[in-house]
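A short worksheet on the structure shown next.
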Amino acid sequence: MCQRLASLSMDLHARGEDELRDHVSDLARESLTLSDPIYAKLSLLGLAATARAFVEQRCARADVALEFTSSDVPEHLPRELSIALFRVLEHAVDNALRHSKTRRLVVALRRACDIVALDVVDSGIGFDPAAIPPADALGLVAMRERLQPVGGACVIESQPGSGTRVRAFARLSCDRAT
């Protein structure tokens, strides 16, 4: 259904029906929210609790030790921010568990007034980010692009033999969090 709504949205844009296209795009986003259980978990539990449950489950399945910390992260963040940070977390954790050969993963979520930050650090084999061919770097690019709409950024620090750190952060107005 979302794909059909996206196609309709593109057709409306091509015809110059931008106001109607915006309504169709909103409907597509709302229908996606209903079909993806992560949206519901983020709304009900908040980013920190949802992230902890996800990472604990993934690390237990992979038999990887986990250190998870959360500091001053509000239970209710703007929806787009929560989703963007959670999706980066998913990519970073999946990459670490799939490629790094790590036996330990450190995940930290924290808020300092107007910044919400996520760190995913593994002690695995590491890699040279500059040496990855563009076709193989789509996951890294996706993490960065995921944060752009919410005014955030993602930095990947790694080198062969030294593990990897994915640092993601986005600005949050102090009066927007509850």
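Of the residues in the stretch 47-64, how many are surrounded by fewer than 15 Cβ atoms within 10 Å (Cβ to Cβ), under 17 Å from residue 118 (Cα atoms) and among the hydrophobic types (A, V, I, L, M, F, W, C)? Steps first, please.
Restricting attention to the stretch 47-64, the residues satisfying the condition of being surrounded by fewer than 15 Cβ atoms within 10 Å (Cβ to Cβ) are 53, 56-57, 60-61, 63.
Within this subset, residues satisfying the condition of being under 17 Å from residue 118 (Cα atoms) are 53, 56.
Still in the list and also among the hydrophobic types (A, V, I, L, M, F, W, C): 53.
The number of residues fulfilling the criteria is 1.
So which of 124, 161, 139 is part of a loop (DSSP other than H, G, I, E, B), at negative phi and in the same structural domain as residue 105 (by TED's automatic domain parsing)?
Values: 161 fails: at negative phi; 139 fails: part of a loop (DSSP other than H, G, I, E, B).
Answer to the selection: 124.
Within the stretch 65-90, which residues are surrounded by fewer than 21 Cβ atoms within 10 Å (Cβ to Cβ) and within 24 Å of residue 162 (Cα to Cα)?
Hits for the stretch 65-90 are 65, 66, 67, 68, 69, 90.
Which of the following residues is at pLDDT 95 or above, under 20 Å from the mean Cα position of the chain (by Cα), in the same structural domain as residue 96 (by TED's automatic domain parsing) and of a type in the set (Lys, Arg): 167, 144? I'd like the intermediate steps shown before the answer.
Details: 144 fails: at pLDDT 95 or above.
The match here is 167.
Show the residue pairs that are 6+ apart or on different chains and have beta-carbon atoms under 9 Å apart, the first residue being within the stretch 45-59 and on the phi > 0 side of the Ramachandran plot, the second being surrounded by fewer than 18 Cβ atoms within 10 Å (Cβ to Cβ).
Partner pairs satisfying both residue conditions: 46/74; 46/75; 46/76.
Specify which of the listed residues (66, 118) is in contact with a Cys (Cβ under 6 Å, 6 or more places away or on another chain), at pLDDT 95 or above and not aromatic (Phe, Trp, Tyr). Don't jump to the end; show me each part of the working.
On the way: 118 fails: in contact with a Cys (Cβ under 6 Å, 6 or more places away or on another chain).
Unique residue meeting the criteria: 66.
The values are calculated or read from the model by the stated rules, or taken from the named source; none is laboratory data. None of these values were measured; they are calculated from a predicted model. Reconstructed Cβ throughout: ideal geometry from the backbone, glycine too, with neighbour counts over all protein chains shown.
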